Amino acid sequence: MAAFYVTTPIYYVNAVPHLGTFYTTVVADALARYHRARHHDDKTSRTYFLTGLDEHGLKIQRIAAERGISEQAYCDEVAAQFQATWRQMEIANDDFIRTTQSRHTEAVNEIWRRLKASGDIETREYEGLYCVGCEEFKAEDEVIEEGGEKVCPIHRKPVERVKEKNYFFNLPRYQDYLLELYQKPGFIRPESRRNEVESFVRGGLKPISASRIKSAVGWGIPVPDDPEHVVYVWIDALINYVTALGGPAAIERGEGNGALWSAAHHLIAKDILRFHAVYWPAMLKSAGLPPPKGIFCHGYLTVKGQKISKSIPATRVDPKAIVAELGDSFVDSLRYFVLREYSLGGDGDFTYEALFQRHESDLGNDFGNLLNRTVSMAQRYLGPVMPALVAGGARGVAQALLQQDAGREPKEIRAEVEKAWEAFEPSRALEAAWRLIRAHNKLIEDAKPWALAKDPGRRPELVAILSHCCESLRWAALMVAPAMPVAAKEILRQLGREQDLGTWPGEWGWPGGTLAQAQPVFPRIELERQASLVARWMSVEPAPAAAKPAAGAELAPPAEIAIDDFMKIDLRVAKVLACEKVPKSDKLLKLTLDVGTEQRTVVSGIAGTYEPGDLVGRTVIYLANLKAAKIRGVISQGMILAAGDADVLALSALDRNAPPGTRVR
Ligand code: ME8
């Protein structure tokens, strides 16, 4: 049985979808669509795609309390938004799991009993540091000191000291098991992530928390037989992948959806690798269940190098807002873009310019153009009916031309596309499919059907060329349909081959079809419109909701940079010579700085914390090579560094005197 079970992380309900969660979900959707299409003719084949929501934990409990509504009401509200967004984005998941569903409570109870029966659950008096953002206990050496407080290095928020009696899971017992598991080829991909996990496990493991005391965290699944405790949110969350297949017993018996477990692939980003690659297989082993087949860990999407994250307004990229502006047909452009632009393992920086560029060049100029030219010429020269292409004769002419252009047979291209989808490499799959598209655009340019059409004697050649183009479009539509289901459907409709949707290319040879009128599938977006949209979407005016991150909301760490990148930043000592309020603004101060070689003007959003008089004569750290920007009519030449997120807490300072202009590094 060619089974394929793919999961996304279940997302926290402390935010609605953004481009980061969209990315993982679209990749999983495309992989599932590929597997369905590739094995459409195999009745025994099964594909299952699961996504859903992680609804328990302190983070959610606090947001609901702040909102003054019940946790469940809050979760229901966000769940509806997730589901509506995924539908709009053409996400065809087979199941949507929510950890507040009763089927999940049952599975968690059963797994807990199994962990206990294996002797892996024990109680301990525990004192430790807890980060609500991560929903995780942190060791002393995992936190950093900031402003005299211990803070989580990821969320930059104070960790909470917790002293309670907790249940613990005996993770160290599974060290050897895990190390052996990591030797299984492809269990953790990419290889760099496998190495990272392996060295973490080799470094030694500690028991992990398996519960929280109910008086501290009420919003969770009660520990079986001990209602004073709730199951720790990560243990609860990971089990979702088993719940959705019918629970541990169904998996053990290999019954129904349980049979899919041996084909399970967890798609995640690197922030949650340790939970999936270390804790989860150990828990499964303890519960008497086999590990998933594989874990694929992708990188972060960033904006200007910062991880796209719910709580950083400057990184906010909202797929819904983009589609609301550009129409439902743009969903496929967005899906295509994220799948084609980034190679799945690494990080990738998002820009709207690159999105528009690919929409216009790959989709409009390559794919759309081939469709448009082929369908309109075929209609004009041959009429709507394109009969099946018979072998031999003029077909050979087109074939020869094509091979010369594509450099390979369509079947070789198809094999490459298949290999790439199988290897979780959507970008390479799409790139390969594009070879077929580009080769046929070139075929049209070289064979000049408009010239052939003038000579009745060359009609067979004309038919051959245009049917080749129809067939290449049909193949390309089928091979890229996992990424662009709606565009693929429309292309097949115009070719008169809608019935092929959801199948996979078989023999090369146009099977015949009645063409519809040519219509643009990827409408052009005027440059001016693009520019005004980019300006609007990139304006970093914090949204009201994001201005004050909710308790526990994530403050993601910026992506890692190399020292060379850091060296591009020109930080200097500067002295404040003058300071005044910016008219009609509560937040902004205008500072005149001595930066050693000259005076510079900087507008800074620190008026909520500092009076102008506080600052004159102070030394600050100044970012000198930031592109100048006009803020409230004042040209700001750079910025000064300050601590704090939405609200400024403190200004940068030096602990000794250094003259203005001195480099800071
Ligand atoms: O961690 N780039 O939920 P979460 C790429 N509930 N992917 C990103 C991303 C970015 N900038 N930002 C988010 C949790 N993601 C837990 C999971 S699973 C048993 C429990 C994606 O809402 C990526 O898949 O914080 C990442 O792993 C996930 O969202 C984190 O989602």
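The values are calculated or read from the model by the stated rules, or taken from the named source; none is laboratory data. Fair warning: this is a prediction, and the values are worked out from it, not measured in the lab. Backbone-built Cβ (ideal geometry, glycine too); neighbour counts: all protein chains shown.
Residues to consider are Gly294, Gly254; find the one that is in the same structural domain as Phe187 (by TED's automatic domain parsing), away from the ligand (no atom under 16 Å from the Cβ), of a type in the set (Gly, Ala, Ser) and more than 20 Å from Leu129 (Cα to Cα). Can you show your working first?
Numbers: Gly294 fails: away from the ligand (no atom under 16 Å from the Cβ).
Every option except Gly254 fails the conditions.
Of all the criteria given as (1) acidic (Asp, Glu); (2) at pLDDT below 95; (3) touching a Phe, Trp or Tyr at 6+ places or on another chain (Cβ under 8 Å), the one not satisfied by Asp446 is (3).
Do we find that Gly128 is over 20 Å from Glu228 (Cβ atoms), assigned by TED's automatic domain parsing to the domain that holds Asn240 and not in a helix (DSSP H, G or I) in this structure?
Working: over 20 Å from Glu228 (Cβ atoms): no; assigned by TED's automatic domain parsing to the domain that holds Asn240: yes; not in a helix (DSSP H, G or I): yes.
Against the criterion (over 20 Å from Glu228 (Cβ atoms), assigned by TED's automatic domain parsing to the domain that holds Asn240 and not in a helix (DSSP H, G or I)), Gly128 does not qualify.
Kindly list, by first and then second residue, each pair from a residue in region 31-59 that is farther than 22 Å from Leu478 by Cβ to a residue that is within 16 Å of the ligand (Cβ to nearest atom) and among the basic types (Lys, Arg), limited to pairs with Cβ atoms under 6 Å and residues at least 6 apart or on different chains. As it stands, the answer is Gly52/Arg98; Leu53/Arg98; Glu55/Arg98, since those pairs meet every condition given. Scanning region 265-282 finds no residues that are aromatic (Phe, Trp, Tyr), buried (at least 18 other Cβ atoms within 10 Å of the Cβ), over 21 Å from Leu179 (Cα atoms) and at pLDDT 95 or above. The one condition from (1) touching a helix residue (DSSP H, G or I) at 6+ places or on another chain (Cβ under 6 Å); (2) surrounded by fewer than 16 Cβ atoms within 10 Å (Cβ to Cβ) that Trp450 does not meet is (1).
Tell me the residue from Gly613, Gly608, Gly644 that is closer than 23 Å to Thr315 by Cα, at pLDDT below 85 and of a type outside the set (Lys, Arg), please. First the steps, then the outcome.
Working: Gly613 fails: closer than 23 Å to Thr315 by Cα; Gly608 fails: closer than 23 Å to Thr315 by Cα.
Just one listed residue meets the conditions, Gly644.
More than 22 Å from His155 (Cβ to Cβ) and among the small types (Gly, Ala, Ser): which single residue out of Ala628, Ala642 fits that description?
Numbers: Ala642 fails: more than 22 Å from His155 (Cβ to Cβ).
After applying the criteria, what remains is Ala628.
Can you tell me which residue among Ile268, Ile235 is within 16 Å of the ligand (Cβ to nearest atom) and in a strand (DSSP E or B)? Let's see the steps before the verdict.
Numbers: Ile235 fails: in a strand (DSSP E or B).
Answer to the check: Ile268.
Listed by first and then second residue, the pairs with beta-carbon distance under 9 Å, at least 6 apart or on different chains, first residue in region 5-18 and more than 17 Å from Arg87 (Cβ to Cβ) and at pLDDT 95 or above, second within 6 Å of the ligand (Cβ to nearest atom) and in a strand (DSSP E or B), are Thr7/Ile268; Pro9/Asp54; Pro9/Ile268; Pro9/Ala269; Ile10/Asp54; Tyr12/Asp54; Val13/Asp54. Given the structure, is Ala28 away from the ligand (no atom under 16 Å from the Cβ), part of a helix (DSSP H, G or I), within 25 Å of the chain's Cα centre (by Cα) and not charged (D, E, K, R)? So Ala28 does not fit the description; no.
Output the residues belonging to region 117-132 that are out of contact with any Leu (no Cβ under 7 Å at 6 or more places or on another chain) and surrounded by 19 or more Cβ atoms within 10 Å (Cβ to Cβ). Talk me through it step by step, then tell me what you get.
Step one: filter region 117-132 for residues out of contact with any Leu (no Cβ under 7 Å at 6 or more places or on another chain), giving 117-120, 122-131.
Hits for region 117-132 are Asp120, Leu129, Tyr130, Cys131.
Has region 172-181 got any residue that is in contact with a Pro (Cβ under 7 Å, 6 or more places away or on another chain), surrounded by fewer than 16 Cβ atoms within 10 Å (Cβ to Cβ) and in a helix (DSSP H, G or I)?
Step one: of region 172-181, the residues in contact with a Pro (Cβ under 7 Å, 6 or more places away or on another chain) are 172, 178, 181.
This time we only want the ones that are surrounded by fewer than 16 Cβ atoms within 10 Å (Cβ to Cβ), so: 172.
Subset that is in a helix (DSSP H, G or I): 172.
Among the residues of region 172-181, at least one is in contact with a Pro (Cβ under 7 Å, 6 or more places away or on another chain), surrounded by fewer than 16 Cβ atoms within 10 Å (Cβ to Cβ) and in a helix (DSSP H, G or I), which makes the answer yes.
I need the full set of residues from region 31-55 which are assigned to a loop (DSSP other than H, G, I, E, B) and of a type outside the set (D, E, K, R), in order please. Of everything in region 31-55, those that are assigned to a loop (DSSP other than H, G, I, E, B) and of a type outside the set (D, E, K, R) turn out to be His39, His40, Thr44, Ser45. So, of the residues in region 299-321 that are more than 7 Å from the ligand (Cβ to nearest atom) and among the hydroxyl-bearing types (Ser, Thr, Tyr), which turns out to be modelled with the lowest pLDDT? Among them, the one singled out is Ser311.
Just one of the numbered conditions (1) more than 23 Å from the chain's Cα centre (by Cα); (2) within 11 Å of the ligand (Cβ to nearest atom) is not true of Ala287: (2).
Tell me, which helices (runs of 4 or more DSSP H) lie completely within region 417-513 with 2 or more residues that are of a type in the set (Asp, Glu)? Before you say what the answer is, go through the steps one by one.
Working: elements: 426-447, 449-452, 459-480, 485-495.
Ranges flagged: 426-447, 459-480.
Restricting region 564-587 to residues that are within 33 Å of the chain's Cα centre (by Cα) and modelled with pLDDT under 80, which is farthest from the ligand (Cβ to nearest atom)? Write out each step before concluding.
Our first condition is that a residue be within 33 Å of the chain's Cα centre (by Cα); within region 564-587, this holds for 564-571.
Still in the list and also modelled with pLDDT under 80: 564-565.
Values: Asp564: 23, Asp565: 18 Å.
The selected residue is Asp564.
Can you name every residue in region 600-624 that is under 41 Å from the mean Cα position of the chain (by Cα) and not hydroxyl-bearing (Ser, Thr, Tyr)? Don't jump to the end; show me each part of the working.
Filtering region 600-624 down to residues under 41 Å from the mean Cα position of the chain (by Cα) leaves 600-610, 620-624.
Once the filter is applied, which keeps residues that are under 41 Å from the mean Cα position of the chain (by Cα) and not hydroxyl-bearing (Ser, Thr, Tyr), region 600-624 yields Arg600, Val602, Val603, Gly605, Ile606, Ala607, Gly608, Val620, Ile621, Leu623, Ala624.
The numbered conditions (1) within 30 Å of Leu527 (Cβ to Cβ); (2) more than 11 Å from the ligand (Cβ to nearest atom) are all true for Asp349 except (2).
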